[in-house]
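Heads up: the structure comes next, in structure tokens.
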């Protein structure tokens, strides 16, 4: 498939951050989470189903997200995930870590841009 | 506990969770499909695209389940369910596996529990690992002596600064008569140095212990009693502290009671009363400087090494002494049984190893048969580790079943092993008896798990190799399945069987040699009994009672002869005296012979022939001429070339030493001390001329109904005096058996387990061959189709088996010789290279191989080539 052309492999551990960030907009189900990540990354990030569901269940076990069965927009029964208070805190911490990390990467890879 | 509850709760909810997960993934699939439809694909194409997107649903579900955390329990439950199913599908294998594992693990557990009790149980004292004991190596024999004089002890105690405490304890606690208001009772008394309890760090539960007295001060006449004696004799009365009893001529006061768990430092002797050595033996007494009668026990200061102590104390004592751990106390039994028990441990270890190799081999064949199933499971998404774990679970199930049953069997095996010990070791038996303590349980559990891994891990890894996963095909490339592994396992089994049977062989032959030799006695229809009349009666009265008992027993129905001797034949002891001859100058190197005091008829009762002269008679009394009967060795050595009748000699020492005895008879040689030693030069004296022994051994030749005779004799003895003590009322053959206890123990244990190992190995060989025949059916079919005769096919299989046998023997026989050489001091009348044993073992193994290989080879030769080839 052509859309695979410029696909980026997800970095280890970043999927959790993306899921938490997506759920900031409100509860939704697994499929929608995957689509949202794909869309908002302009199709650069492709979420593998094989890692999405284990990640969701792991986050649920850690208490960062909670799940409940609700009806989807098309009226089907779907498992909806929402962010918990602990998840919100985790998201802030993870994002701060990521910002530091990406700034650091940027500084090393493109030093000229970073200097005034 | 919390974990368990959580797991249980999880199990109850797991069904719903599974359904939820299925629904969630189905929803994802539906959404994906809807999306694909929306982008203009047909329904079929959309479904395929969605499936492609999701990937392997089983794997996604599996990975997701892994995120739930506690799937370990769930998988284990699933594995166990599956394992039970598989095990039930192969009941013969399962039964054989559990049965052999039960015996293997059970035997090892039993021997471990005995070794544990004998070697590892430390004394119940403060910091037992600091305790050390002094030993001295004898320059000639190299055997260590652990007994010293009291003076040695004192010089160590005063001279050593590296030992934080030094105590002495007499070498063996002895049963002694003590008197309490003229009532006599027997108690085990142990003489110990006055600082004994302080050095050991044992505090009393009542009263006080005795303590080291300052130099010059007179010690008190006090004793410490054991809790058991306090309970049994004083009925746990607090007033026991302060009570008195008489020991010899002294009045002793009970000062304190030792804790219940402390019964002294001797493993097979439980002490009732401890008495300070210093009080009993006067400071200037000769027995402080002569006679090695005490053990020297030291306590190592925490930062000192044994080598430092050795150097220091060697300088202090002026003898080449060294120290070794005394954490487990003293034990003659341990010295006697250590080597044989190690051998028994080797035997049962080999049995378990053979069992493992055998099961591993059968498992290897079994897994090959399941190649297809394993391949299917791999294709369905099971990881290699998952399949390996599944295969291991099956064996863990069998091994744990074997281990659990093994604990039960261990109880019986332990009891059977301990039944070899004579009743005289009763106190030790308490410490050795099989008990389900933590150490035994951990040992058995570990043994089961190690067994399981050794049986199953290698075959499981082999059969799940990525290469093997092409087993979905009609015939996998691995075909015959690397027969060399299976063959070398068989060779290993044969080698170990050889080792085991060789050990059994040489020990059975040793026992045979020991029992089969002419010992100069006849054990048929001979009952013995150790008879003791109360010591307080005095020698004269006791001698009268002994004679009366002899006379009364002699008229019991069917009894031929009743006689007695002052020591028991083949009971490990004898009195030796230096001899002198009136017509010769005293030689510097005086001749020595064994003396024995016997009643008239004793030689006849024991079945020892009188070659010349006469037996003692009732006319040989204390007042008549002292007489003696010498044995043929005595006559040949001291009166060479002439008839000894009428010649005279005397013994040095003893209450009638120096008195001339006239030789009146010559008896045949007879083994006296034990069966291993050559018959010694001996002379017999009439008990009436030199008697006064506390215990005499009666010999009663009569009916073969030993039980009836023993009961009749006991009744007669009690009729003579109510207070008579009878011990060891047994057929003489049992006394003979006891004297070769160690040899019999090893022979019977290795014999029994050798047969077991042989059966296991034969069944294993049969199983592997039978499987190989099925496996190579096509090859055999081709061979027969192109003209091989059934006979040549049969020979091919037999040849293979016998080749394995030959290689196994070639490894096993030298290995056995190496092991047996190490214990060659326990053999009798043969060398480790005993050709009879080697030939016998070879024949037995060849017969077993033939029996195991015949049926499969026969089946191979009767293969119908058409059917075999059409099957493809």
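Throughout, read-outs are computed from the coordinates displayed, never taken from laboratory work. Model, not experiment: these values are computed from the prediction. Backbone-built Cβ (ideal geometry, glycine too); neighbour counts: all protein chains shown.
Among B:295, A:36, the ranking by other beta carbons within 10 Å of each residue's beta carbon, starting with the fewest, stands as A:36, B:295.
Model label points for residue A:73 and residue B:213, set 7 angstrom from Cα along the Cα-to-Cβ axis, are 10.6 nm apart. The angle between the Cα long axis of helix B:384-418 and the longest principal axis of the Cα atoms of chain B comes to about 20 degrees, rounded to the nearest 10. Against chain B, whose longest principal axis is taken from its Cα atoms, helix B:71-89 shows a tilt of about 80°. Counts of other chain beta carbons within 10 angstrom of each beta carbon in peptide B:24-36 average 5.
Take every Cα-Cα pair in region B:338-423 and report what % of them are more than 20 Å apart.
The share of Cα pairs beyond 20 Å in region B:338-423 comes to 54 percent.
The modelled label-to-label distance for the pair residue B:676/residue B:373, using points 7 Å beyond Cα in the direction of Cβ, is 5.5 nm. Fewest neighbouring Cβ atoms within 10 Å first, the residues B:661, B:826 line up as B:826, B:661. Per-residue extension of 0.36 nm, minus the Cα-Cα distance of residue B:796 and residue B:441, leaves a gain of 123.1 nm for this segment.
Taking max minus min of the alpha-carbon positions on each principal axis, region A:51-113 gives extents of 53, 25, 19 Å, largest first.
Please find the FRET efficiency linking residue B:524 to residue B:416, where r is the Cβ-Cβ separation and R0 is fixed at 25 Å, and quote it to the nearest 0.05. With R0 = 25 Å, the Cβ-Cβ based efficiency is 0.40. Here the simple spin-label model places points 7 Å from the Cα toward Cβ, and for residue B:246 and residue B:290 these points are separated by 2.9 nm. Each peptide in B:324-330, B:573-579, B:244-250 gets a packing score, the mean of other Cβ atoms within 10 Å over its residues, and the list from highest to lowest is B:324-330, B:573-579, B:244-250. Within region B:215-364, antiparallel bridges make up roughly 55 percent of the DSSP beta bridges whose residues both belong there.
Which percent, nearest 5, of DSSP beta bridges in the protein assembly as shown are antiparallel?
If I count the DSSP bridges inside the protein assembly as shown, around 80 percent turn out antiparallel.
Note on region B:480-610: Cα Rg divided by 2.2 N^0.38 Å, N the number of residues, gives 1.89. Semi-axis lengths, largest first, of the ellipsoid equivalent to region B:650-757 are 34, 25, 13 Å, with √(5λ) applied to each eigenvalue of the Cα gyration tensor. Per-residue mean of foreign Cβ neighbours for B:765-771 is 0 (Cβ atoms of other chains, 10 Å radius). Taking only the C-alpha atoms of region B:714-817, Rg followed by Dmax gives 28.0, 93 Å.
Of all DSSP beta bridges confined to chain B, the antiparallel ones make up roughly 80%.
Directionally averaged projected area (region B:643-684, Cα convex hull): 3.7 nm². Once the Cβ-Cβ distance of residue B:449 and residue B:181 is raised to the sixth power relative to R0 = 41 Å, the FRET efficiency obtained is 0.10. Ordered from longest to shortest, the equivalent ellipsoid semi-axes for chain B are 70, 39, 24 Å, each the square root of 5 times a Cα gyration tensor eigenvalue. Helix content alone sets the calculated 222 nm mean residue ellipticity of the protein assembly as shown: runs of n ≥ 4 DSSP H residues at -39500 (n - 2.57) each, divided across all residues, give -17500 deg cm²/dmol. Stokes-Einstein diffusion of region B:363-407 at 10 °C, 1.306 mPa s viscosity, Kirkwood radius from Cα pairs, rounded to a whole number: 136 µm²/s. Sorting the segments B:696-703, B:95-102, B:670-677, B:617-624 by their residues' average number of neighbouring beta-carbon atoms within 10 angstrom, most packed first, yields B:696-703, B:95-102, B:670-677, B:617-624.
Each 10 Å bin from zero holds the following percent of Cα-Cα pairs in region B:668-725: 16, 32, 37, 15, 0. Multiplying the residue separation of residue B:423 and residue B:234 by 0.36 nm and subtracting their alpha-carbon distance yields 65.4 nm. With one equal scatterer per alpha carbon and no solvent term, the Debye-computed log10 I(q)/I(0) for the protein assembly as shown at 0.06 1/Å reads -0.72. Here the Kirkwood formula puts the hydrodynamic radius of region B:561-625 at 14.3 Å, using every distinct Cα pair.
Rounded to the nearest 10 degrees, the angle from helix B:438-463 to the longest Cα principal axis of chain B is 40 degrees. Rg then Dmax, both in Å and based on the Cα atoms of region B:290-439: 26.0, 85. Listing B:129, B:266 from fewest to most neighbouring C-beta atoms within 10 Å gives B:129, B:266. When peptides B:592-602, B:277-287 are sorted by average Cβ neighbour count within 10 Å, with the highest value leading, the order is B:592-602, B:277-287.
Roughly how crowded by other chains is peptide B:51-59, in terms of the mean Cβ count from those chains within 10 Å of each of its Cβ atoms? Show your work: numbers first, answer last.
On the way: counts 0, 1, 5, 5, 3, 2, 2, 0, 1.
Mean partner-chain Cβ count within 10 Å for B:51-59: 2.
Calculate, for residue B:48 and residue A:43, the FRET efficiency according to 1/(1 + (r/R0)^6) with r their C-beta to C-beta distance and R0 22 Å; round to the nearest 0.05. Between residue B:48 and residue A:43 the formula returns 0.55.
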